Amino acid sequence: MATTVNAANASSRPHHTLWGDAWVRLRRNKLAMAGGIFIIILALAAIFAPLITPYGFARQDLTAILQNPSSKHWLGTDGLGRDVFARLLYGARTSLAVGIFTQVIVLGIGLPIGAIAGYAGGRVDNVLMRFVDVMYSFPDILLIILIKAILGGGIYQLFFAIGLVAWVDIARLVRGQMMSVKSRDFVAAARAMGGMGPYITERHLLPNSLGPIIVSVTFNVPRAIFTEAALSFIGIGVRPPTPSWGSMISDGYAVIFASWYQVFFPALAIALLMIAFTFLGDGLRDALDPKLRH
Amino acid sequence: MTRFVIRRVLWMLLVLLVVSFITFTLMHLVPGGPWSREKALAPAVVAALNARYGLDKPFFVQYANFLLGILHGNLGISYTYQDRSVTQILMQGFPKTAILGTTAFVFAMIVGISLGMAAALRQNTWIDYVCVMFSTIFASVPGFVLGILLMIVFSVVLHWFPTGGWGSPSQIVMPAIALAALPAAFIARITRASTLETMRQDYVRTARSKGLLERVVLIRHILRNSLIPVVTVAGPQFAALVTGSVIVETIFSIPGIGRLFVQAVFARDYGLIMGTVLFYSFVISVANLVVDILYGVIDPRIRYD
Amino acid sequence: MAPLLEVRNLKTYFYTQDGVVKAVDGVSYDVNRGETIALVGESGCGKTVSALSILRLVAEPAGKIVSGEMLFDGIDLLKLSKDDMRKMRGAKISIIFQEPLTSLNPVLTIGRQISEGLEFHKNMSVQEGMEEATRLLKMVGIPHPERRVYDFPHQFSGGMRQRAMIAIAIACQPQLIIADEPTTVVDVTIQAQLLELIRNITKELNTSLILITHNLGIVARYAQRVFVMYAGNIVEHGKALDVYHSPCHPYTAGLLGSVPRLDEPRKARLQPIEGQPPDLIALPAGCSFQARCAYSVPQCLKEKPVLTEIAPNHYAACWVSQKGLREWQKQ
Amino acid sequence: MKRKTVVFSMLAIIIAAILVLAPACSSGTTTAAVPQILRVNLGSEPAQIDPNQASWAQEKSVVSQVFVGLLGFNQDLTLRADVATVIPTVANKGISADGLTITFKLRNNVTWSDGQKVTANDFVYSIKREFDPTLACAYASFYYDIVGGEAYNSATNATDAQLATLKDAVGVSAPDDTTLVVKLNNPQPTMLQCMALWPVYPVRADIIAKYGNNWTDPPNYIGDGPYLLTEWVHQDHLTFKPNPNYWGTKPKLAEIDFKEITDANAALAAYQNNELDIVGVPSGTEKTFLNDKTYDDQRNLFNDLTTFAFQFNVTKAPFDNVLVRQALSCAIDRDSYISNVVGGIGKPALSWIPPGMPGYNATIGSQYAFNVTKAKQLLAQAGYSDVSKLPQITFSYSNTAANTVRAQFLQGQMKDNLGINIILDPEESKTFTTNVNSGKFMWAYFGWGADYPDPDDWLPSLFGTGAGNNHTLYSNPAFDALSATALKEQDNTKRLADWDQAQKMVMDDAPIVTIFYRERFNLVKTTVKGLKTTGMDGGIIGDTFFNEVSISK
C-alpha cells in the first residue's frame, strides 16, 4: 500500500497555511533568498564590525587623509584619515536601523489606519482620510526638518521624524488595495458565509493587498536611508562621529572633487542594499500572492 | 461628481487651516528666532524688529493676524528679505519650481511606466532584468550625488549643458533627470508589479478568448487596469516632485521656492515658512484631489459619495 | 458525417517548481454538430484545462499542450498559426467562464466587452457593435438592455453577469461553445434559468456545446453524451442517461452519490466520495482512483485500466466493472 | 515586437530631447574672454542691499559696487578719502582737539548715477536713517558714539513726535553742501574707520520716499559708485553695468555678473565649465587643488581678518577652572590640523587678533603651543590627573560641512591626546547662535571677522563684562578697566599698547582656544587682470576693487 500512502501525503501538500506555503515558495526563489541572505550577512557584519575590522569608526589618522584604497585601508580613508571600510560597517548599523525602524513606525501607523479606512469605508473612512489628508498635505522634508529642529539631534529623533511623515503613503496604498480587493467576489463570498470583519481582513484582504504593500515597503527602506542622506546633506542627520551611509555620502559629496571614493563606496553600499531589498520584496510578493498558490 | 468636488474643496480649505495652525505652532516651538545672529544685534534693534513683525504680541493674536492677512491675500513680509513680501517671493519662485517638478514628473511617468510594462511583459527575460537593474541603480543614488555626477559629465566634460541657473530649456534637463530618477524607478516597480498582477486576471483570459489582437488585449484590458495603482501613487509622486526639489534646486542653483523654504526654516523666516508650507500644502491637496477624480475615472468601481 | 470537434489523445502538462502536473493526460472525445456533451468531474480533474486547451489558452509558459490532435471541422487547431488560432477564438469557438465577475473587465462597460469581439471578427463599428450588444443582452434576457449595455460589471448581479458572459460567447455565432461550470457561483433557481437559456440558444443557433460541470444531475438534463474525467483521464463515457442510470465506474457512482437524484426517492443522506483526488505530479502506477475506491481489486494497484466498452456505446476504464462485478449499481 | 517598440520609442523621445537641446546649450561654454564681463559667485541671495540695513558678506559685496562713502580702505587697509577731500585729522582741523567733533570736507564733483550732485545732506540723511528704530539697522550700534544716536535708535515705541525730536537731536549736520559735521559723545579713535563702512554710505532721501521698500530694485537703486545694478533676478543673479555718471576713474569692466550658486561643488563645476571667473575652493579639497598642476596659475590665496576658535563657557565646570582651559588649549595640535586636514590653508593661531590687523602679536598665547605633557600637568594641577573625573564635556557647533570636520578633529584630539571623550552637538545655526548667545553651552565653535581693522572691534565687545558678544561670560575687571581707557585713547601707539596688553590678559585666562587664522583660497581665471584682494572683502573676493579689474584674452 506504500504508493497509496505517498499519494495520500502528497495530495495533502496544498493545504498549508498561507504563511507556511509562502515560506516554502520563497525558499525556492533564488534571487529573493540571495537578497535576504545579503541583508542578514550585512546585519551580522554590522553587529560584529569590531571583530571584522581593526579600525574604530572614529579613529583618526591625520597623517593619512583622503587616501585611495590600499591593502592597509581597503576602501581608503576619509577627510580625517578614518578607515572608510570600518565606517561603512559601523554605518550599516545606523542605516539599517534608520531604514527598518522608520518602516516599523510607518507600518505601525499606516497599515491599521489604511486597513480600517479601506475596510470600514463610509464615515470611518472619511474621518481617517481627512486626518491622512492633513498629514499628507505637509511637504515632507519641511515637516521632517521642523520636527527635527524641535527634537534636536540624535538617531531616535530621526526615526521619529521620518516615520511620522512617511506613513501616509502606505495608509493610502493599503486603503486603495482594500477597496479594490474588497469588491472581488471571494471576499463577498467570505462575507456571505458570515465571516467577521477582522477575520475577513486577516484572511482575505491583507493577504491579497500584501503584494503592493511589500513592494512599497521594500522600496521605502532604502528610501528612508535616502531621506537620512538628504538630511545629512542639509546638516541635520545623525550625530557625528557616528557614521551612517547617508552621512558618509554627504561628507563624501563635500570633497567629491578631491576623492570620488568618498561618495562611491557608501553609494554602492546603498545600491546593493537596495537591490537586495528589491529582490527580497519581489520574492515575498510572489510568495504571498494567493493567485499563485495551487 | 460636482458635489463630490465641491465637498472636497471645502475639506481642502479646512485641511489647509489645520495645516497652517500646526505649522505655526511647530514653527514657534523651534528654538531660536529670526533675529539671533552670530554677531548679536543690539537689544534696541531686536525690540524694533519684534515690534515691526508683531512678534511682541501673544501667540494666538499673532496667528489671528496671520489669518486676517491671508483673507486679504497678504502673507506678510519676509523676515530675511525685509523689503520683499512673501507673496512676491513665492510668485517669483513658484513657476520655476512648478515647471521643474512637472518636467521631472513627465520624465518619471514616461520612463517609469515604459520600463515597468516592458519588464512585466517580458518577465524573466533580459529586458526584465535590464529594466529592474536600471531602475534600481538610478534609485540607489541620492539626488545630490546624481546631480553633481550629471554636472561633471554633461557640463564639465561634455559641455552639453550649463551647470545650473534658469532660463533656457537646456537648464532644466539635468535637474529634471536628477529629480525624476527615484520616482521613475518607483513607478517602474509599481507598474511592473501591477501589470504582472493584471496579466493573471481572468478577464484578460476572457479577452483572449474573444480572439482579440494581443495589442488590443494589452492596451484595452491590461494597461488600463494595471495603471490604477500607478495613478494612486502618481498624485503623491507629483506633489513630492513639486515640493521635493529642495536639494536639486540647491545644487543646480534654480531660483525656485524649494531652495527658499529650507533656508526659511533655518533662518526662522516665519513669514516665508508659513507662505511656502501653505503654498505647498495647497499644491499637494489639489494633486490629491485630481488623483481621486482620475482614480474614479479609470476605475468605475469607485463611487464618489 | 464527421464530428465538429475531435480531440485525440490530448496531453496538457504544467511545468511547476514541484514537477510536471499532468492536468490532462491523454484525453480523447468528440462533439457532433449541434450536440451538447458534458465533461464531468471533481474540481482539479482537468476538465477546465482540457477545455482551455481547445482554445489554446492554457497559461504559458508553465502550461503546455504536449501532444494530441484537436480536429475542428477537419482542421487541427494545434497546427494553426497563432494568428489563425486567434481568428478561431470567439468567432468559431467561444467559452463561458465560471467566475463571471473576475472574468469581466471591471473598467469596461458590458456593451463594450460584448462588442469588441464583433468589431474584430465582424469588422463592425463601435456603434454597430453596441447595437448588436444591446440585441444580444435582450436575447439573453437582460431587462432594459439599451440602458444596461452601458453598465459596468459591478453594477450587474451574479446571474446577469453570467448572462452577459453568455452574450459575449454567442456574439459571433460560434459553432462551438464551451461552458465551464457556468452555474457554480449562482444560486439554484438562477442555475436552472441560465442552463435553459444556454440550451435554447444552442438549439436556436444549432451550436455545439461542451458543458463542463461536476453535477451529473445537470448533465442528465442537458447533455446527450457525457465524459467523466478523473485525474486527467476520461474514466467513463457514454449516453448521458446510460451513465446516469447505470454508471460503470465507481467514481461516477460516487459522483452520483454526492448529488441529489431528482428521479429517485431521496435517500437518507448523500455520501460524498472519501479522500482526496491524487497528486497529479506523482500519479500511482495503477488506477488513479484506487486509493479512494471501495471496490478495488489487487490488479487496480498494478495496472492502469483502459477505456473498454462495457455496454453498447458505454465505455469505462475500470478493472472491476470489466470483471462485471458492479455492486455499486445494485443499490 | 509591437510592445517593445512602444516602450523604446518612449525612451528614444527622451534621448532625442537631450540630444536636440545639447547643441543649443553649448553656447554657455563658448570662451568669450574679450568682452569685459566678470562672472563671480555671490552665493546666497543678499537679504537687504539698502546700505543702511545691509550687513556683512553678500550685502556688502553688492553695496560696495554701487556706492562710495566719505572714506574707504586701501588694499593695505589704511584709510582713503573718497567722497571726502581728505581724511580728517587733528592736524588738518578735521578733528577737534577734544576729539568730539569730526568735520568732513566733501568733493564738489561727486554725482549720483542719475546725474544729481551728492551733498553733505545726503550723508546727514543716511546717518540719521541708520539710527531709525523702525528700520532696525544691524550696524547702528557701531555709531552709538555719535551724539543722540543710541537714544534715537533705542526709541522703539515712541510717538512720531518724540521720534522727530530724537532724530533732530542726532549730532550730524551739514552747514553747507560740502561740509559734514559729526559730533561725538566721547572721542572714538576708530570712528573714522566706521565712517568708511557701508552703513553710512550716502542714500537718496527723495528716491526712498518715492519708492519705499522697492527703492533697492533696479533702476530705482541710485548710487554714487562705479557701477549700476541693472538687473536683479531674485535667487538667480545680479547684473552690474558701469555708472555713466560716475565721478571717479571709470571702471574697465563692461559688466559684472553676480551668480547665486549656493552649493560649493556646483560653483566649482560652473568655474570648470567656464561660467565663473572666480570660485572658492570647497573646504576639504584644498590639498587637491594645491597639488593639481592645471591650477598652478589660477590659485589666489590671502589672509582675511578672521580667527576661528573654540570658546568655553567659563561659568560651567570644569571650564570655570582656568587650568583646565589652558590644558585643553595645549592639547590641540593646530599645526597638524592646518597641514593635514585643510592642506596647509590658513595659519595655526595661538593669539586672538589675526595677522594683517594692527595689534597682531605672534608672541601672545605662545604658551599654548601643542604640548601634551604640559597639558596633562595642567590638568593634574587642576585636580584632574584622572580625566575620567571630568564632567561630561559637550561641544556645540553649527552644522556646516566644514564645522563638522573641525568638531570631529577636536574630538579626536581630546581622545587621542588626553583620553577625554567629548560629545559633539551639531546644532542648526539659529539654534546654535541662540544657545550660545544665552550661555546654553559648555564649549562651542567660534569665529570672528573684522568689521574694520582695529583691535577695539576684537576685544571689549567680546570679552568685556556683559558685552553684547561676550558668550564665554568671561569677566575680568582689570581687562574692563584697560579697554575702557583704550577705547578713548587718542594717542595711537599708546592705544595699541593698551590693546596688546588687553589681548594678553584674555589669552592668559584662555576663555577661548584659538585654532587658526582664516586664509581664503580661490581659483581665478588667468584672463582676470588687476584683481585686488583685501582682508575686508565680503562674500566675493576682491569686491572692493572691481573697478580696477579687466578681462584679457
Residue span C:Gln155 to C:Asn9: 0.36 nm per residue of separation minus Cα-Cα distance leaves a gain in nm of 48.3 nm
Taking the Cα-to-Cβ direction at D:Asp491 and at C:Ala294 and moving 7 Å from each Cα, how far apart do the two end points lie in nm? 13.2
In whole Hz, what ³J(HN,Hα) sequence does the stretch B:222-237 give by Karplus (6.51, -1.76, 1.60; θ = phi - 60°), x for Gly and Pro? 7, 3, 4, 5, 6, 7, 4, x, 4, 4, 4, 8, 4, x, x, 4
Difference of contour (0.36 nm per residue) and Cα-Cα distance, D:Ala478 to D:Ser44: 152.0 nm
Computed over chain D, Kirkwood Rh from alpha-carbon pairs, angstrom: 25.8
Roughly how far apart, in whole Å, are the Cα centres of the stretch C:282-327 and the stretch B:211-269? 65
Under a no-solvent Debye model with one identical scatterer per Cα of chain B, what's log10 I(q)/I(0) at q = 0.13, 0.15 Å⁻¹? -1.03, -1.20
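Just how many % of Cα pairs in the stretch D:48-96 lie over 13 Å apart, if you round to the nearest whole percent? Intermediate values should be presented prior to the final figure.
Values: 770 of 1176 pairs.
It works out to 65 percent of all Cα pairs.
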Over the stretch D:151-287, how many percent of alpha carbon pairs lie in each 5 Å bin up to the one with the longest distance? 2, 7, 10, 13, 15, 14, 12, 11, 8, 5, 3, 1, 0
Specify the angular offset, from 0 to 90 degrees and rounded to the nearest 10, of the alpha carbon long axis of helix C:188-205 from the longest principal axis of the alpha carbons in chain C. 70
Here the FRET efficiency for C:His314 versus C:Leu205, based on Cβ atoms and R0 = 41 Å and rounded to 0.05, is 0.90
Counting pairs of alpha carbon atoms under 8 Å apart in space and at least six apart in sequence, what relative contact order in percent does chain D give? 19
Spatial separation of Cα centroids for the stretch C:1-63 and the stretch D:511-553, in angstrom: 86
Can you compute the modelled spin-label distance between C:Val20 and C:Arg147, with each label point 7 Å from Cα toward Cβ, in nm? 5.7
Please list, ordered by chain and number, the residues whose modelled amide H lies under 5 Å from the amide H of C:Ala38; skip anything fewer than 5 residues away on the same chain. C:Leu211, C:Arg225, C:Val226, C:Phe227
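What does the charge dipole of chain D about its Cα centre add up to, to the nearest 20 debye, if the Cβ of each Lys and Arg holds +1 and the Cβ of each Asp and Glu holds -1? All intermediate terms of the calculation are to be shown ahead of the outcome.
Details: 44 positive and 55 negative charges, 256 e Å.
Dipole about the Cα centre, nearest 20: 1220 debye.
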Ellipsoid equivalent to the stretch C:5-223 - semi-axes via the Cα gyration tensor, in Å: 28, 20, 17
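Just to verify a number: FRET efficiency for D:Thr89 and A:Tyr156, C-beta to C-beta distance, R0 = 51 Å, to 0.05? Write down the numbers at each step before the final one.
Values: r = 64 Å, r/R0 = 1.25.
Plugging the Cβ-Cβ distance into 1/(1 + (r/R0)^6) gives 0.20.
Give me the orientation-averaged projected area of the Cα convex hull of the stretch D:320-363, in nm², one decimal. Could you put the intermediate results ahead of the total?
On the way: hull surface 16.2 nm².
About 4.0 nm², averaged over all directions.
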For the stretch C:171-263 (alpha-carbon point model, no solvent) the Debye-based log₁₀ I(q)/I(0) at q = 0.13 Å⁻¹ works out to -0.46
Among D:Ala331, D:Asn303, D:Gly280, flag the residue with its Cα farthest along the positive direction of the charge dipole of the stretch D:272-334, charges on Cβ as +1 for Lys/Arg and -1 for Asp/Glu. D:Ala331
What FRET efficiency would be calculated for the residue pair D:Thr394, D:Ser366, taking the C-beta separation as r and a Förster radius of 22 Å, to the nearest 0.05? 0.15
Looking at A:Val24, A:Val255, D:Gly149, which one has the Cα that reaches farthest to the positive end of the dipole of the protein assembly as shown (charges on Cβ: Lys, Arg +1; Asp, Glu -1)? A:Val24
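Assigning unit charges at the beta carbon (Lys, Arg +1; Asp, Glu -1) and nothing else, what dipole magnitude in debye, to the nearest 20, does chain C show about its Cα centre?
I would put it at about 360 debye.
Counting DSSP beta bridges in the stretch C:5-223, what percent are antiparallel, to the nearest 5? It would help to have the intermediate numbers written out before the result.
Numbers: 19 of 34 bridges.
Around 55 percent antiparallel, to the nearest 5.
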If a paramagnetic tag sat 7 Å from the Cα of B:Val297 along the Cα-Cβ line, which residues of the stretch B:1-21 would have the backbone N under 15 Å from that point? B:1-2, B:5
Among D:Pro453, D:Val170, D:Ala484, flag the residue with its Cα farthest along the positive direction of the charge dipole of chain D, charges on Cβ as +1 for Lys/Arg and -1 for Asp/Glu. D:Pro453
So what are the ³J(HN,Hα) numbers for the stretch D:385-401, from phi and the Karplus equation (6.51, -1.76, 1.60; θ = phi - 60°), rounded to whole Hz, Gly and Pro as x? 4, 9, 5, 5, 7, 5, x, 4, 9, 10, 10, 9, 7, 8, 7, 8, 4
So how far apart, in nm, are the two label points at D:Ala161 and C:Val66 if each is 7 Å from Cα heading toward Cβ? 11.1
Would you calculate a helix-derived [θ] at 222 nm for the protein assembly as shown, using -39,500 (n - 2.57) for each DSSP H run of n ≥ 4 and dividing by the full residue count, to the nearest 500? -15000 deg cm²/dmol
Using a 10 Å cut-off on Cβ to Cβ distances, tally the other chain neighbours for every residue of A:144-156 and report the average as a whole number. 5
Partners for D:Lys488 among lysines (Cα-Cα distance below 17 Å; same-chain residues under 8 apart left out): D:Lys183
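Nearest-5 percent of antiparallel DSSP beta bridges in the protein assembly as shown?
Details: 81 of 113 bridges.
Antiparallel: roughly 70 percent of the beta bridges in the protein assembly as shown.
Once Rh for the stretch B:174-257 is found with the Kirkwood sum over Cα pairs, what is the Stokes-Einstein diffusion coefficient at 25 °C and 0.890 mPa s, in µm²/s? Before the final figure, lay out the partial values.
Values: Rh = 14.8 Å.
The Stokes-Einstein estimate is 166 µm²/s.
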Report the residues of the stretch B:152-176 in range of a label on D:Asp292: point 7 Å along Cα→C-beta, backbone N strictly under 19 Å from it. B:152-164
Post the alpha-carbon centroid distance, the stretch C:161-236 to the stretch D:215-284, in whole angstrom. 84
Suppose every Lys and Arg Cβ carries +1 and every Asp and Glu Cβ carries -1, with no other charges. What dipole size does the stretch C:146-204 come out with about its Cα centre, to the nearest 20 debye? 120
Which aspartates and glutamates does C:Lys79 reach when only Cα atoms under 16 Å apart count, and residues fewer than 8 places away in its own chain are ignored? C:Glu6, C:Glu69
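Please compute the Kirkwood hydrodynamic radius of the protein assembly as shown from all pairs of different C-alpha atoms, in Å with one decimal.
Details: mean 1/r = 0.0266 Å⁻¹.
So the Kirkwood estimate lands at 37.6 Å.
What relative contact order, as a whole-number percentage, does the stretch C:5-223 give when Cα pairs under 8 Å and 6 or more residues apart are counted? Kindly include the intermediate steps, with their values, before the conclusion.
Details: 391 pairs, mean separation 56.4, N = 219.
In percent, rounded to a whole number, it is 26.
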Pairs from B:Lys39/D:Lys430; D:Lys259/D:Lys287; D:Lys529/D:Lys553; D:Lys105/D:Lys494; D:Lys259/D:Lys532 whose Cα-Cα separation, in the structure shown, is over 18 Å: D:Lys259/D:Lys287; D:Lys105/D:Lys494; D:Lys259/D:Lys532
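Every number here is computed from the coordinates shown, using simple stated rules; none is lab data. No experiment lies behind these values; they were computed from the predicted model shown. Note that we place each Cβ from the backbone using ideal geometry, even for glycine, and neighbour counts take in every protein chain shown.
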